[in-house]
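Asker: My structure is below; once you've seen it, I'll send some questions.
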Amino acid sequence: MSIACIGGTTLAVLSIVEYPADVLETPCEKVKRFDRGLTKLLNDMYDTMLDADGVGLAAPQVGILQQVAVVDIGDENGRIELINPMILESTGEQVGPEGCLSFPGLFGEVRRYDTIKVRAQNRRGKMYILKASGYLARAIQHEIDHLHGILFTSKVLKYIDESELEG
Ligand code: CO
């Protein structure tokens, strides 16, 4: 772990596993213990995601094979913590650019469901339901794939150059 400082806030930053690595392609175990270790993992993963300028991070990307992911696309939903998440319903489709913190500099067009309904647990183990569409739904689907050892590169329709990305 290292310490970074962004906007006056001190962040605890874990090192991100880059492809290729077995841990990125191994299905994760369900979380059973909602304890202080989990809280720390969630906090450290969120800091790591912010430090890396990402919108999502899954536990295998920091070497932990547990069904834990964090997402924050910078919208009104803020910080989303997904523990043992499951997609209950999915509709429509969208195709758009995607990248991954475990594949620096690599971007590709990926087809995803446009709208999803997800059931997950929060850091205290309480079940909740989240509905998402568009970019948020894309980010959540990408992270849930990580928890099953599935990488976005297995779904890329066409690789794109970083210069072709909007914004
Ligand atoms: Co990723």
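Asker: In terms of modelled amide H atoms, which long-range or inter-chain residues lie less than 5 Å from the amide H of Q66?
Answerer: Distant-sequence amide H within range of Q66: E29.
Asker: May I ask you to give the average projected area over all directions of the convex hull of the Cα atoms of the chain, in nm² rounded to one decimal?
Answerer: Mean orientational projected area (the chain, Cα hull): 9.7 nm².
Asker: If DNA, RNA and ligands are ignored and the probe is 1.4 Å, what is the ranking of R123, R79, R138 by accessible area, most exposed first?
Answerer: My answer, sorted largest first, is R79, R123, R138.
Asker: Taking K and R as +1 and D and E as -1, what net charge do the other residues with C-beta under 11 Å from the C-beta of L11 add up to?
Answerer: Taking every Cβ under 11 Å from that of L11, the sum is -3.
Asker: Could you give each residue of the stretch 30-44 its phi-based ³J(HN,Hα) in whole Hz, using Karplus coefficients 6.51, -1.76, 1.60 with θ = phi - 60°, and x for Gly or Pro?
Answerer: 5, 6, 10, 10, 9, 10, 5, x, 5, 4, 5, 4, 4, 5, 5
Asker: Also: Send over a whole-number figure in Å² for the accessible area per residue of the chain, probe 1.4 Å.
Answerer: 53 Å²
Asker: When only C-alpha pairs under 8 Å and at least 6 residues apart count, what is the relative contact order of the chain, in percent?
Answerer: 23 percent.
Asker: Can I ask one more? Modelled label-to-label distance, C5 and I160, 7 Å Cα→beta-carbon offset: nm?
Answerer: Inter-label distance under the simple model: 3.7 nm.
Asker: While we're on this one: Carbon and sulfur together cover what percent of the accessible area of the stretch 2-164 at a 1.4 Å probe radius?
Answerer: C and S atoms contribute 50 percent here.
Asker: Here's another thing I want to ask about it. I want to check the label-to-label distance for K131 and E29. Put each point 7 Å from Cα in the C-beta direction and report it in nm to one decimal.
Answerer: 3.6 nm
Asker: From the helices alone, meaning DSSP H stretches of at least four residues, give me the mean residue ellipticity at 222 nm for the chain, per-run term -39500 (n - 2.57), in deg cm²/dmol to the nearest 500.
Answerer: -6000 deg cm²/dmol
The values are calculated or read from the model by the stated rules, or taken from the named source; none is laboratory data. Computed from a predicted model, the values in this text were never measured in an experiment. Quick reminder, even Gly has a Cβ in these numbers, built from the backbone with ideal geometry, and neighbours come from all protein chains shown. Surface accessibility is based on the protein's heavy atoms, side chains included, excluding ligands, DNA and RNA. Shrake-Rupley method; radii C 1.70, N 1.55, O 1.52, S 1.80 Å.
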